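To keep things clear, I will list the structure first and then write my remarks on it.
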Amino acid sequence: MTWDGRIVVTNEYRHPKLYWALRGGGGATFGIVTRMTLLTHPLPETFGALTGTIKATSDQAFRVLIERFCEFYCQALNNEHWGEQFALLPDNSLTLALTFQGLDNERVATIWSPLLAWLGQHPADYQVDTDIVVVPARHMWDLAYWKAHHPGLVQPDPRPGADPSTFWWIGNGAEVSMYWYTYQSRWIPLTAFQSRDFAVTLFEASRHWRVSMHINKGLAGACSEALGRCRQTAVNPVVYGAAALVILGAGTQLSRPNPVEGAEQLGRVNAAMKILREATPNSGAYANEADYFEPDWQREFWGVHYAKLLEVKRRYDPIGLFHCHHGVGSEGWSADGMSRA
């Protein structure tokens, strides 16, 4: 529904510019979407996860591990089978929380065997603890299956009267009721992963804060069919060459956030992100998971698409009725969104 109450059906043939803008142009911007049709896909045979930690015993060993893992990622994981994340920590740990689809246990073990074999050749430098879980894809959201086979990986909703089928992954427990001091992101291009210099960049950033690489949020490894569809959307085009979205977040689950703690953690996150920004000068950020205070948000969130998005905004919402913080066209409103700029 548009600003003047009209019901508009939009697709590739009817209002195609609006259709393009709605897919990736940000929320609360062009109108109210009341109904949509989604493209779905058949389930693969399997879903799975590879989790664990590789701990280096020295800074030098950690630098080498980062370089080897970046090479391994480009060769083995930058494809449509792998997703989720790995992280580099200030204590010289590489944590793995990776998911995969369409692979069995044997195939996953084969893919990882070169890296694990190399680690095994350096027992004094690395402590390795990893685990592989493979489940039938049809049971991915079946709480009864998880409770029967892998109860330690899920948390059923403990609230009185909660739907007995609802749960969350145990790894997401730290995010429950989180108050964020800061939350920042940046797409990291595949070309960076392919440079040995970037391993040094990642090491330096990890001295300040946990550097989390979300590989399912970069599309450099997507299949050509998926990339073809994605290029028809308004998402910042830098995502197509990105190997990952790096996310740096700091927060607390305490009922009363600590301003002193918050300021200290914000400083550390900013220091780490400054290193990553300088190493990726032409990249951008994912608008849904970005710095609330991003100064160059038009370019960071939408890149070369912003001018076209603003044109669509002015055509379909000429009075600027629909707006949100750092949404397309929000330049016309005050920072708090309560009055015209």
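Read-outs throughout are calculated quantities, based only on the coordinates presented, and are distinct from any laboratory measurement. Keep in mind that what you see is a predicted model, and the values were worked out from it rather than measured. Because the Cβ atoms are built from the backbone with ideal geometry, glycine has one as well, and the counts that use them run over all protein chains shown.
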query = Taking other Cβ within 10 Å of each residue's Cβ, how do VAL8, VAL246, VAL235 sort, fewest first?
reply = VAL8, VAL235, VAL246
task = Could you run the Karplus curve 6.51 cos²θ - 1.76 cosθ + 1.60 with θ = phi - 60° over the stretch 81-95 and give me ³J(HN,Hα) per residue in whole Hz, x for Gly and Pro?
result = 7, 10, x, 6, 8, 9, 9, 10, 10, x, 8, 6, 9, 10, 9
message = For the chain, report the % of Cα-Cα distances exceeding 36 Å.
response = 28 percent
task = Could you line up ARG210, ARG315 from fewest to most neighbouring Cβ atoms inside 10 Å?
result = ARG315, ARG210
note = quick shape note, the stretch 1-46: Cα extents on principal axes in Å, largest first -> 47, 22, 16
inquiry  = Compute the helix-to-body angle for 59-72: its Cα long axis versus the longest principal axis of the chain, expressed 0 to 90° and rounded to tens.
reply    = 60 degrees
task = State to the nearest 20 debye the size of the charge dipole of the stretch 177-294 about its Cα centre, where the only charges are +1 on K and R beta carbons and -1 on D and E beta carbons.
result = 120 debye
inquiry  = Of VAL235, TYR145, PHE62, which is farthest towards the positive pole of the chain's charge dipole, taken about the Cα centre with +1 and -1 on the beta-carbons of Lys, Arg and Asp, Glu respectively?
reply    = VAL235
remark   = Honestly the stretch 234-341 on the Cα gyration tensor test (a ≥ b ≥ c root eigenvalues; a/c under 1.5 rounded, otherwise a/b vs b/c for prolate or oblate) is just oblate
note = Per the rule of 0.36 nm per residue minus the C-alpha distance, extending GLU175 to VAL260 adds in nm 28.5 nm
request  = With the cut-off at 16 Å, report for the stretch 177-294 the share of all Cα pairs above it, as a whole percent.
outcome  = 62 percent
request  = Excluding residues fewer than 8 places away in the same chain, name every one of the aspartates and glutamates whose C-alpha is closer than 15 Å to that of LYS17.
outcome  = GLU311, ASP317
inquiry  = Amide H of GLY24 versus every other amide H placed in the peptide plane: which residues, excluding those fewer than 5 positions away on the same chain, fall under 5 Å?
reply    = ALA234
ask   = For ASP125, ASP291, ASP197, what's the fewest-to-most ordering of other Cβ within 10 Å of each Cβ?
value = ASP197, ASP125, ASP291
task = Specify the inter-centroid distance of the stretch 172-209 and the stretch 228-288, based on alpha-carbon positions, in whole Å.
result = 7 Å
